[in-house]
Amino acid sequence: MLSQALKSLLRPDKRVVVLTGAGISAESGVPTFRGEDGLWKKFKPEELATFDAFISNPQLVWEWYEYRRKLISEVKPNPAHHSLVKMEDFFEDFHLITQNVDGLHQKAGSKKVIELHGNIKRNKCIKCGQEFEELEFSSKEIPPKCTCGGMLRPDVVWFGEMLPAQAINEAFKVSSLCDIFFSIGTSAVVYPAAHLPVVAKQGGAYLIEVNIERTELSDLADEVFLGKAGEILPEIAKVIREA
Ligand code: BV8
Ligand code: ZN
């Protein structure tokens, strides 16, 4: 299943970067954004995942995130997440960059996770910026209020908002320097995250895509594994273990 070229590359001294998207959490039961059962099916991104949408309809946006938080609290990491933990242990220089806000990589045991789009469990005050971990706030209002009186919002990156500078800068740096870049379960349409595999390729990395269908990135990839991340990644982890 793995090419000879890839097998010869999978050595501990290789610098490896992995970028994941909603597709890696699909087999855990978390709906993707653009897939058949996608989150956007019922709603449209511009209606919900933007600051303007929140200001014009805070209750609707807050309830949407509460619905997603509840769903995510009931799901577990799947074999794809667990395989990335094994890869993190195998490679001396390994970075996991995720667009997901579900925290499943950390739940699976990944130690170093670069969260480009924030984390759905955390909230922050739109006035003073104070961060609140899950369920720390007491007010029963929807959305809850901060002690300073400001409204709380999910601490995720909405469309049109800047990504956390430290996270995106580190992501570009490690992507430009790596030997192998895996793009897993992402439609590669959301920027600037979708630029990372391109930067890796420009830096001379071997680009691998794992997805159930071809994407805008597939033509640029050195290898495309069409199939479920939960089935393909354990295969790759097995080859690494036998290396
Ligand atoms: C920025 C957090 C600017 C919130 C998310 C026009 C108008 C407005 C904006 C733009 C525009 N054109 C470009 C932009 C920029 C915009 C953008 O890229 N828009 C796209 C849609 C065109 N980007 C931004 O706005 C970013 N900010 O650019 O700032 C700026 C610049 C300077 C100064 C100030 C501002 C912010 C982007 C972040 C948005 N937040 N999430 C939340 O979660 O609610 S994005 C959201 O999409 C998620 O994070 C998600 O991860 C991400 C990407 O989607 P995917 O992960 O790829 O998920 P998707 O469903 O699309 O695909 C799943 C894939 O998995 C599929 O390919 C499927 O085949 C595959 N799959 C399914 N099952 C499996 C599988 N693969 C393997 N195994 C399986 N089992
Ligand atoms: Zn506040």
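For segment 1-62, which fully contained helices (runs of 4 or more DSSP H) count at least 1 residues that are β-branched (Val, Ile, Thr) and at pLDDT 95 or above?
51-56
Can you find a residue in segment 176-187 that is in contact (Cβ under 8 Å) with a residue 12 or more places away in the chain, of a type in the set (A, V, I, L, M) and under 24 Å from Val30 (Cα atoms)?
So far as segment 176-187 goes, yes, one or more of its residues are in contact (Cβ under 8 Å) with a residue 12 or more places away in the chain, of a type in the set (A, V, I, L, M) and under 24 Å from Val30 (Cα atoms).
Taking the criterion of being crowded, with 19+ Cβ neighbours inside 10 Å and touching a Lys or Arg at 6+ places or on another chain (Cβ under 8 Å), would at least one residue in segment 38-50 satisfy it?
yes
Which one is nearest to Ala22 (Cα to Cα) among residues in segment 199-243 that are touching a residue at least 12 places away in the same chain (Cβ under 8 Å) and hydroxyl-bearing (Ser, Thr, Tyr)?
Thr215
Within segment 15-34, how many residues turn out to be within 8 Å of ligand 1 (Cβ to nearest atom), open to solvent by less than 20 Å² (accessible area, probe 1.4 Å) and of a type in the set (Val, Ile, Thr)?
The number of residues fulfilling the criteria is 2.
Okay, residues lined up against (1) at pLDDT 95 or above; (2) surrounded by fewer than 18 Cβ atoms within 10 Å (Cβ to Cβ); (3) not in a loop (DSSP other than H, G, I, E, B):
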{"position": "Ser139", "(1), (2), (3)": "no, yes, no"}
{"position": "Arg153", "(1), (2), (3)": "yes, no, yes"}
{"position": "Glu170", "(1), (2), (3)": "yes, yes, yes"}
{"position": "Ser183", "(1), (2), (3)": "yes, no, yes"}
{"position": "Gly204", "(1), (2), (3)": "yes, yes, no"}
{"position": "Ile208", "(1), (2), (3)": "yes, no, yes"}
{"position": "Thr215", "(1), (2), (3)": "yes, no, no"}
{"position": "Asp219", "(1), (2), (3)": "yes, yes, yes"}
{"position": "Lys238", "(1), (2), (3)": "no, yes, yes"}
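The values are calculated or read from the model by the stated rules, or taken from the named source; none is laboratory data. Because the structure is predicted, anything quoted here is derived from the model rather than measured. Every residue, glycine among them, receives a Cβ derived from its backbone with ideal geometry; neighbour counts consider all protein chains shown. When the accessible area is computed, the model is the full protein with side chains, heavy atoms only, and any ligands, DNA or RNA have been set aside. Shrake-Rupley method; radii C 1.70, N 1.55, O 1.52, S 1.80 Å.
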